[in-house]
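Taken together, the values in this text are just the output of simple stated rules run on the coordinates, not laboratory data. Remember, it's a predicted structure, so these values are computed and weren't measured experimentally. Backbone-built Cβ (ideal geometry, glycine too); neighbour counts: all protein chains shown.
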Amino acid sequence: MQIRLNGEPLQLAGSCSLEALLTTQDQLKAGVAVALNQQVIPRSQWATTFLSDHDDVDLFRAIAGG
C-alpha cells in the first residue's frame, strides 16, 4: 500500500492505523497533530482510524512561543 507522509511517498506492507504508523515512524509524541487527507483527526481516534491506499498523512508539531 502506498501513502504520502508529509508529502513523501511511503510504502506500507498493508493497512494500519494512524497510531501504528506514528509508532513505526517514531512520531507518537506529545504535541503532534495529524491530518488525514486534509482533515485533522483527534488523538482519541488515531487507534481506530485506518489508512487506505493513496492516503495523504501530514504531521504537525505544536510549538510554544510568543
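Calculated from the structure at hand, Rg and Dmax of the Cα atoms in Å is found among (1) 15.3, 52; (2) 15.6, 43; (3) 11.7, 42 as (3). Connecting C-alpha atoms closer than 10 Å in a GNM of the chain, tell me which of Ala33, Ala13, Ala47 has the biggest fluctuation. Its mean-square fluctuation being the largest, the pick is Ala13.
Between Arg4 and Ala47, the modelled labels are 3.1 nm apart [label points 7 Å from Cα along Cα→Cβ]. Simple spin-label estimate for Ile63 and Gln11 gives 3.3 nm between the two label positions (7 Å along the Cα-to-Cβ direction from each Cα). Can you tell me which of Ser17, Ser44, Ser52 moves the most in a GNM of the chain? Springs connect C-alpha atoms under 10 Å apart. Among Ser17, Ser44, Ser52, the largest GNM mean-square fluctuation belongs to Ser44.
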